[in-house]
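Please read the structure below before turning to the comments.
The values are calculated or read from the model by the stated rules, or taken from the named source; none is laboratory data. Just so we're clear, the structure is a prediction, and the values are computed from it rather than from any experiment. Don't worry about glycine lacking a Cβ; one is built from the backbone with ideal geometry, like all the others, and counts go over all protein chains shown.
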Amino acid sequence: MDDVIGNANISAAEDIRRRLIDFTSARVSMINVYNSFLVENFGLPSELTALTTVLSSVEHLLMLLVNHESLTFLFTFVINEIVVMKLLLEVQLALIRCEFLQSLIKLKSAHIKLRSWFNSVGYKHTQIKATAKFFGLGPQVQCSSLRLCGWTYEFYMLLLAKFSLYFHDSLQPQCSSGDFDHAISVMKSPNFVQLFATFRRKMEPLYILLIANRCDASDIPPLIGYGCASDLDDGEGELRKKFLVFFRIGGEAKEMNILLPSISILVQEAGAKKSGTDRITYCYDQLMSRSFFVLLVEYNLYVTIIFDRKVSERDNTVVSFLLNSCSQLRCTKICQSWRKFST
């Protein structure tokens, strides 16, 4: 009888040992994914797809083990983490491809899964007073699992803020003016719409535009922006479809379309500088008395600022706004905060 009990104990111990080996393997795969959280990777569909594929494989492995009688909580925690991370990466992928509906669906799913994950570990983001200083990773969040939750929450909020900017002009006609303005005003930092509006009040540009260059990105659908409904067969209509303006602050669309040939040339020039993502393309057109600033945001998305006067190429306010806003949009800060968190 004692031998039977001993064999049973050894069997149970051996089972736990094997499951912990599986868990360690899954965690190593997760670490490799996190080590790939680099700014350059967040702007490449191929890299984002590869990362989500790895996460799906790890999720599948752990789903087979989640009902283990001794390790259920451990496996459940990691599965929740994987599901959330995969959704957030899928949101980022949909955003850089300008996929409105896919971004919205994935964001909604991520919100639900975040709440479920946070509830399972007793994490409440509002209880951390220094939330706004999270990127400094202060001593108020000592537990590594809670720090991971905090970082993930900030990542989610960044993607939500990007969504509100990228699809601002697509969403606005679908909502009442009061509801829409309220939704934007209560958006937590970073509030890109307010940042762009503040810059406009300060510098009074003719236009601030976000443009998708579809010449080099056939995976960006021609379903958004001010040229998506264009059925013109002439060169102007084709140009609008190739260079989709999906966000506009400033004057009328008619004048913007007149400037589009010049804008498209500068966008293509900026695209040739992708190796140096912080290199601003500048042009002053004396005949039109227009100053153009173009900078790559991520993938094939560009921000363009146009003035109806001469503005210096080195204007500190313009340059700082472009560099800072684009750096945040391409997830530079969230990636840097991950480096601090993981060391």
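Some observations on this one:
- Criterion violated by residue 9 - all others in (1) at pLDDT below 85; (2) of a type outside the set (A, V, I, L, M); (3) surrounded by 12 or more Cβ atoms within 10 Å (Cβ to Cβ) satisfied: (3)
- Screening residue 128 on (1) at pLDDT below 95; (2) at negative phi; (3) surrounded by fewer than 16 Cβ atoms within 10 Å (Cβ to Cβ) shows it passes everything except condition (3).
- Unique match (being without any contact (Cβ under 8 Å) to a residue 60 or more places away in the chain and aromatic (Phe, Trp, Tyr)) among 23, 100: 23
- Among the residues making up region 141-198, those that are among the polar types (S, T, N, Q) and part of a helix (DSSP H, G or I) are 144, 145, 152, 164, 170, 172, 174, 177, 185, 194, 198.
- Matching option when the condition is surrounded by fewer than 22 Cβ atoms within 10 Å (Cβ to Cβ) and either β-branched (Val, Ile, Thr) or within 23 Å of the chain's Cα centre (by Cα) (or both), among 96, 79: 79
- Residue 290 vs. criteria touching a residue at least 24 places away in the same chain (Cβ under 8 Å) and more than 21 Å from residue 195 (Cα to Cα): yes
- In region 157-177, the residues that are over 15 Å from residue 102 (Cα atoms) reach residues that are outside any helix (DSSP H, G or I) and of a type outside the set (A, V, I, L, M, F, W, C) with C-beta atoms within less than 7 angstrom, at least six apart or across chains, in these pairs: 157/188; 158/190; 161/190; 161/191; 169/248.
- Of the residues 334, 265, the single one that is without any contact (Cβ under 8 Å) to a residue 40 or more places away in the chain and not in a strand (DSSP E or B) is 265.
- Total residues in region 254-302 satisfying the condition of being touching a helix residue (DSSP H, G or I) at 6+ places or on another chain (Cβ under 9 Å), polar (S, T, N, Q) and closer than 17 Å to residue 216 by Cβ: the figure is 5.
- Long-range neighbours under 8 Å by Cβ, at least six apart or interchain, first residue closer than 13 Å to residue 296 by Cα and in the same structural domain as residue 292 (by TED's automatic domain parsing) within region 312-325, second surrounded by 20 or more Cβ atoms within 10 Å (Cβ to Cβ) and of a type in the set (Asp, Glu): none
- Evaluation of residue 309 against (1) in a loop (DSSP other than H, G, I, E, B); (2) under 22 Å from the mean Cα position of the chain (by Cα) (one fails), failing number: (2)
- Subset of region 63-119 that is assigned to a loop (DSSP other than H, G, I, E, B) and of a type in the set (A, V, I, L, M) - its residue that is farthest from residue 217 (Cα to Cα): 71
- Within region 12-40, considering residues that are at pLDDT 85 or above and small (Gly, Ala, Ser), the one surrounded by the fewest Cβ atoms within 10 Å (Cβ to Cβ): 25
- In region 269-284, residue surrounded by the fewest Cβ atoms within 10 Å (Cβ to Cβ) [restricted to those that are modelled with pLDDT of 95 or more and not hydroxyl-bearing (Ser, Thr, Tyr)]: 283
- Residue 71 more than 14 Å from residue 155 (Cβ to Cβ) and either modelled with pLDDT of 90 or more or surrounded by fewer than 23 Cβ atoms within 10 Å (Cβ to Cβ) (or both): yes
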